[in-house]
Amino acid sequence: MSTAIKIALVDDEVLFRKGISFLLQREDNIEIVFEASNGEDLISQLEEIETKPDIIIMDLKMPVLNGVEATKIIRKLFPEIKIVALTSYDTKSFIANMIQVGAVAYLIKSTTPKDLIRTINEVHRKGFHYNENVLKTIQETIVSSKNTKGNLETSFLSPREIEILQLICQQKTTSEIAEYLYLSPRTVEGHRNNLLLKTESRNIAGLVVYAIQNEIADLTL
């Protein structure tokens, strides 16, 4: 199952965690590599395990080390791993906070199994996935706050980089952007890496937030 999407589940509610594990293991392209009961347990296992997960499904409110703080640590130690929040909290402040610290998707525990599986596949394919509720929160909360990063000059981005950033905000994959612009996927990846460096974003989700803060693009589903 080398091509399977490797998942780690992190939730202190054992029954809920086992239920999600059972659900996901029924998918042919998903493999559960380990489970953890809190952020500290998660980081400990990440440091010990050789095969790292592609995606971590993370609860927010957990004992010892919560999901927000764990996400901050993982973004520094294991930046290649993508974090999907799966929580009971649907307030704008929780959503905005998790997106800003590095989560690439945010789901409520009342979501359907179909939406969870779709989100996992979309995150694996594109690097992030925002549903309508999260998109609205980003636009209303993160953009309106206009923090320091939102006040940066954007003229250092080339027209091509801005064009690619706008397509990223339309939730298009690298191959889709390459086809649309008649470029090679490698060239698109190069522009995307330059965007990450220039905007000091930690991941594609960070690029999206940057673009909206600076009114470079509108988010679309």
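Taken over the range 90-106, the criterion of being farther than 18 Å from A36 by Cβ and at pLDDT 90 or above is satisfied by V104, A105, Y106.
Residue-by-condition table, conditions (1) closer than 24 Å to R125 by Cα; (2) open to solvent by 40 Å² or more (accessible area, probe 1.4 Å); (3) outside any helix (DSSP H, G or I):
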site: F34; (1), (2), (3): yes, no, yes
site: T51; (1), (2), (3): yes, yes, yes
site: V64; (1), (2), (3): no, yes, yes
site: R75; (1), (2), (3): yes, no, no
site: A85; (1), (2), (3): yes, no, yes
site: A96; (1), (2), (3): yes, no, no
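For beta carbons closer than 9 Å, sequence separation of 6+ or different chains, a first residue in the range 42-54 that is touching a residue at least 60 places away in the same chain (Cβ under 8 Å) and a second that is charged (D, E, K, R) and open to solvent by less than 50 Å² (accessible area, probe 1.4 Å), the qualifying pairs are D54/K6.
For beta carbons closer than 6 Å, sequence separation of 6+ or different chains, a first residue in the range 113-137 that is closer than 18 Å to D54 by Cα and in contact (Cβ under 8 Å) with a residue 60 or more places away in the chain and a second that is part of a helix (DSSP H, G or I) and open to solvent by less than 70 Å² (accessible area, probe 1.4 Å), the qualifying pairs are G127/I204; F128/I204; F128/A205. So S158 fits all but one of (1) crowded, with 19+ Cβ neighbours inside 10 Å; (2) among the small types (G, A, S); (3) modelled with pLDDT of 80 or more; what number is the exception? Condition not satisfied by S158: (1). Applying the selection to the range 20-32, what residues are open to solvent by less than 20 Å² (accessible area, probe 1.4 Å) and touching a residue at least 60 places away in the same chain (Cβ under 8 Å)? Answer for the range 20-32, where residues must be open to solvent by less than 20 Å² (accessible area, probe 1.4 Å) and touching a residue at least 60 places away in the same chain (Cβ under 8 Å): L24, I30. If the condition is being aromatic (F, W, Y) and more than 19 Å from the chain's Cα centre (by Cα), then the range 162-221 contributes Y180, Y182. Here is the figure for the range 74-121: residues that are touching a strand residue (DSSP E or B) at 6+ places or on another chain (Cβ under 9 Å) and of a type in the set (D, E, K, R) total 5. Could you please find all residues in the range 178-215 being buried (at least 18 other Cβ atoms within 10 Å of the Cβ), closer than 23 Å to I138 by Cα and aliphatic (A, V, I, L, M)? Passing the criteria: L195, I204, A205, L207, V208, V209, A211, I212. Here Y106 meets each of (1) open to solvent by less than 10 Å² (accessible area, probe 1.4 Å); (2) in a helix (DSSP H, G or I); (3) of a type outside the set (G, A, S) with one exception, condition (2).
So that you can scan it fast, the table gives a plain yes or no per residue for (1) open to solvent by 40 Å² or more (accessible area, probe 1.4 Å); (2) modelled with pLDDT of 95 or more; (3) not in a helix (DSSP H, G or I):
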position: T3; (1), (2), (3): yes, no, yes
position: L15; (1), (2), (3): yes, yes, no
position: K18; (1), (2), (3): yes, yes, no
position: D41; (1), (2), (3): yes, yes, no
position: K61; (1), (2), (3): yes, no, yes
position: V68; (1), (2), (3): no, no, no
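Just one residue in the set D90, D11, D59 is in contact with a helix residue (DSSP H, G or I) (Cβ under 8 Å, 6 or more places away or on another chain) and in contact (Cβ under 8 Å) with a residue 60 or more places away in the chain; that residue is D11.
Here A8 fulfils each of the conditions (1) outside any helix (DSSP H, G or I); (2) under 20 Å from R118 (Cα atoms); (3) more than 19 Å from the chain's Cα centre (by Cα) apart from (3).
Just one residue in the set E50, E80 is among the acidic types (D, E) and under 19 Å from R202 (Cα atoms); that residue is E80.
The values are calculated or read from the model by the stated rules, or taken from the named source; none is laboratory data. In this text the structure is predicted, and so the values were computed from the model without any measurement. Here Cβ is always computed from backbone atoms with ideal geometry, including for glycine, and neighbour counts include all displayed protein chains. Keep in mind that these areas ignore ligands, DNA and RNA; they rest on the heavy atoms of the full protein, side chains included. Shrake-Rupley method; radii C 1.70, N 1.55, O 1.52, S 1.80 Å.
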